[in-house]
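Q: What follows is a single structure, and I will ask about it in a moment.
The values are calculated or read from the model by the stated rules, or taken from the named source; none is laboratory data. From a predicted model like this one, the values you see are computed outputs, not experimental measurements. Virtual Cβ from ideal backbone geometry, glycine too; neighbours counted across all protein chains shown.
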Amino acid sequence: MTSTLLAQQSEASPQTILEDVFGYQHFRQGQLEVIEASLSGQDSVVIMPTGGGKSLCYQIPALVHTGLTLVISPLISLMKDQVDQLKADGVAAECVNSTMSREALISVYNRMRSGDLKLVYVSPERVLMHDFIERLQNINLSMIAVDEAHCISQWGHDFRPEYAAIGQLKNYFPHVPFMALTATADDATRGDIIHRLNLVNPHDYLGSFDRPNIHYNLVEKHKPVSQVIRYVQTNKGQCGIIYCGSRKKVEMVTEKLCNNHIRAAGYHAGMDVDERAYVQEAFQRDDIQIVVATVAFGMGINKPNVRFVVHFDIPRNIESYYQETGRAGRDGLPAEAMMLYDPADIGWLRRMLDEKDEGPQKQVESHKLNAMVAFAEAQTCRRQVLLNYFGEYREKPCGNCDICVDPPKRFDATQEAQKALSCVYRVNQGFGIGYVVEVLRGMQNIRVRENGHDKLSTYGIGRDHSHDYWVSVFRQLIHKGLLSQNITRNSTLQLTEEARPLLRGEMKLELAVPRLDTAARSAKSDKLSSKNYDKKLFAKLRKLRKSIADEDGLPPYVVFSDATLIDMAEILPTSYGEMLAVNGVGQRKLDKYADAFLDLIQEHITIHG
């Protein structure tokens, strides 16, 4: 039975559709529970981690139901990506968006009316248009799914007014089950989603927020561009996303990467639509390795084989961090989230926040920023801190973050702290970290001499340690509350009352030993090395996949994901039956692609045994 025929048979069970259409043998945790609630006609709120299989929660009911499932999605690129994948699996799906011609729109509307389509993806702006609602009222509508539902809530980190109006649809379709899905929503956001969508006694599924395949890693920001270049070079050939806090930084980092012969491209809201579409498509098709982006690049990415996400600057909140790091490892294979951290970045974010009008929204943003800082400055398992924020508690450390793998070592830093604080005092509390470190280390430069600071008693008393060592010490003193940074005066250092007992020798102080090997520390340089598969065959399979994808005008992962190719390189299927047993190979893809891949595998076995 082909998947297209199967999609038209309402008596097919969820398990049969999972196997024959999507090529998977087992449901992930929570999927079947949500699917059954939807099939019973119940509204649902679904919180599942990025890469946790949210899409199947509405796609499978859509293929069981006899009518049309409408999927509301915030980005055209995300709609197109989902529709491409569904079509590759033999499912009748289309999208409706502002880039389509009148003829193309009429064709989709006619197919909706005739019952030819199972899923239609649409933007929140389009779905609320009067003529579109009229069209929906004249067809058999079986379900409405709202993707990225956190955009509905004013308490969410990505609130969009046009999304908040979607709740009006419940007035037009009171008996149609709704399903709201997101990866990031705390209790307040979940409650707001239910209220704004007018959901009736919804089935509330809260899955684990844990992404066990992601290694969380935070390093001190010293020479960030050099650190990023070395990190990418360490992960040679692997796809990644680098998030920056501004367009200017995006352009600067992209230029430096390209100058170092790394296939990278920038992406930000200041680029025109065609430029952004080109970069996104090139990344989806593996034509470029790295995208350097602002937060404008995110929700539209469904690329499974992103092996790392780097934050060049700290995000404003944990929800953004979680969602952006969630772009890595969607295929379930090992991946890494690496963040460069400088407390001065927090000072800048606080300054931006201070300029906003007082009110509940400002309070929420301040709370979220404080939680982000707590995560960045944690001395315990980062995964525990991250999950605790979302109300999920783990007794044992994860063993897969920088704190667990290499716990911070402590030392008696009383003398170092006294030297640092004394130097801040001697320069009249009028300079930032970089300058004070130059005085401490006895650097010979014009500015120090012109200020007469080469004559100070503290000049050169710290020359036994490196620049980065002292920067780390100063940052820890700020975190401990012994120093503050005046963000209105170029982040100049100032002593606090808490510094006085230390300077007078009335207390001792322990700090973490500065980590100076921050350039390219990562969990593994080859994040897939622990998998037991034929590496040479995997490389050949990827090359074949790229060739087929280019010929069909598709992103490579729509043909097969990396996880599926790794299964092939491990199982070494030589027949249709064995190929169907590979995760991610359904009937439609077997019919379309199996011969080429089986031939390559057989050829490899013949040559290499």
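Q: If a residue must be at pLDDT below 60 and not in a helix (DSSP H, G or I), how many such residues does segment 4-22 contain?
A: Of the residues in segment 4-22, 3 are at pLDDT below 60 and not in a helix (DSSP H, G or I).
Q: While we're looking at this one, here's another question. Filter segment 83-101 down to residues that are within 14 Å of residue 58 (Cα to Cα) and part of a helix (DSSP H, G or I), then give me how many there are.
A: Summing the residues that are within 14 Å of residue 58 (Cα to Cα) and part of a helix (DSSP H, G or I) in segment 83-101 gives 2.
Q: Can you tell me which of 176, 250 is surrounded by 20 or more Cβ atoms within 10 Å (Cβ to Cβ) and in contact with a strand residue (DSSP E or B) (Cβ under 6 Å, 6 or more places away or on another chain)?
A: The unique qualifying residue is 250.
Q: Let me ask something additional. Could you tell me whether segment 39-56 includes any residue that is within 23 Å of residue 128 (Cβ to Cβ) and either acidic (Asp, Glu) or assigned to a loop (DSSP other than H, G, I, E, B) (or both)?
A: Yes, because at least one residue in segment 39-56 is within 23 Å of residue 128 (Cβ to Cβ) and either acidic (Asp, Glu) or assigned to a loop (DSSP other than H, G, I, E, B) (or both).
Q: Identify, from the list 511, 503, 516, the residue that is over 24 Å from residue 348 (Cα atoms), modelled with pLDDT under 90 and surrounded by fewer than 18 Cβ atoms within 10 Å (Cβ to Cβ).
A: 516 is the lone residue from the list that is over 24 Å from residue 348 (Cα atoms), modelled with pLDDT under 90 and surrounded by fewer than 18 Cβ atoms within 10 Å (Cβ to Cβ).
Q: Moving on. Considering only residues that are among the β-branched types (Val, Ile, Thr) and exposed (fewer than 15 other Cβ atoms within 10 Å of the Cβ), which ones fall in segment 188-224?
A: Passing the criteria: only 200.
Q: Residue 143 versus (1) over 21 Å from residue 67 (Cβ atoms); (2) in contact with a His (Cβ under 9 Å, 6 or more places away or on another chain); (3) outside the structural domain of residue 400 (by TED's automatic domain parsing): which is the lone unmet condition?
A: Against the list (1) over 21 Å from residue 67 (Cβ atoms); (2) in contact with a His (Cβ under 9 Å, 6 or more places away or on another chain); (3) outside the structural domain of residue 400 (by TED's automatic domain parsing), residue 143 comes up short only on (1).
Q: Could I ask something else about it? With segment 386-492 as the region, which helices (runs of 4 or more DSSP H) entirely inside it contain at least 1 residues that are without any contact (Cβ under 8 Å) to a residue 60 or more places away in the chain and loosely packed, with under 15 Cβ neighbours inside 10 Å?
A: 414-426, 433-440, 446-450
Q: Run residue 453 past the list (1) within 43 Å of the chain's Cα centre (by Cα); (2) within 20 Å of residue 494 (Cα to Cα) and report the number of the one that doesn't hold.
A: Here residue 453 clears every test but (1).
Q: Now, a different point. Going by the conditions given, is residue 67 touching a residue at least 60 places away in the same chain (Cβ under 8 Å) and more than 28 Å from the chain's Cα centre (by Cα)?
A: Spelling it out, residue 67 is indeed touching a residue at least 60 places away in the same chain (Cβ under 8 Å) and more than 28 Å from the chain's Cα centre (by Cα).
Q: Which condition from (1) at pLDDT 90 or above; (2) outside any helix (DSSP H, G or I) is the one that residue 545 breaks?
A: Result: residue 545 passes all but (2).
Q: Which condition breaks for residue 262 when tested against (1) over 19 Å from residue 237 (Cα atoms); (2) assigned to a loop (DSSP other than H, G, I, E, B); (3) in contact with a strand residue (DSSP E or B) (Cβ under 9 Å, 6 or more places away or on another chain)?
A: Residue 262 satisfies every listed condition except (1).
Q: While we're looking at this one, here's another question. Note down all Cβ pairs under 8 Å where the first residue falls in segment 33-47 and is at positive phi, the second is surrounded by fewer than 23 Cβ atoms within 10 Å (Cβ to Cβ) and outside any strand (DSSP E or B), and they're at least six residues apart or on different chains.
A: 41/175
Q: List the helices (runs of 4 or more DSSP H) inside segment 554-609, counting only whole elements, that have at least 1 residues being out of contact with any Pro (no Cβ under 9 Å at 6 or more places or on another chain) and charged (D, E, K, R).
A: The helices (runs of 4 or more DSSP H) meeting that bar are 562-571, 576-580, 587-608.
Q: Looking only at residues that are without any contact (Cβ under 8 Å) to a residue 24 or more places away in the chain and surrounded by fewer than 21 Cβ atoms within 10 Å (Cβ to Cβ) in segment 568-580, which one is farthest from residue 541 (Cα to Cα)?
A: Result: 577.
Q: Could I ask something else about it? Of the conditions (1) within 28 Å of the chain's Cα centre (by Cα); (2) crowded, with 21+ Cβ neighbours inside 10 Å; (3) under 21 Å from residue 39 (Cβ atoms); (4) touching a residue at least 60 places away in the same chain (Cβ under 8 Å), residue 82 satisfies every one except a single condition; which number is it?
A: Going through (1) within 28 Å of the chain's Cα centre (by Cα); (2) crowded, with 21+ Cβ neighbours inside 10 Å; (3) under 21 Å from residue 39 (Cβ atoms); (4) touching a residue at least 60 places away in the same chain (Cβ under 8 Å) one by one, residue 82 breaks only (2).
Q: Of all residues in segment 359-385, which are without any contact (Cβ under 8 Å) to a residue 24 or more places away in the chain and in a helix (DSSP H, G or I)?
A: 360, 362, 363, 366, 367, 370, 374, 384, 385
Q: Out of all the residues in segment 225-254, which are not aromatic (Phe, Trp, Tyr) and not in a helix (DSSP H, G or I)?
A: Passing the criteria: 235, 236, 237, 238, 239, 240, 241, 242, 244, 245, 246.
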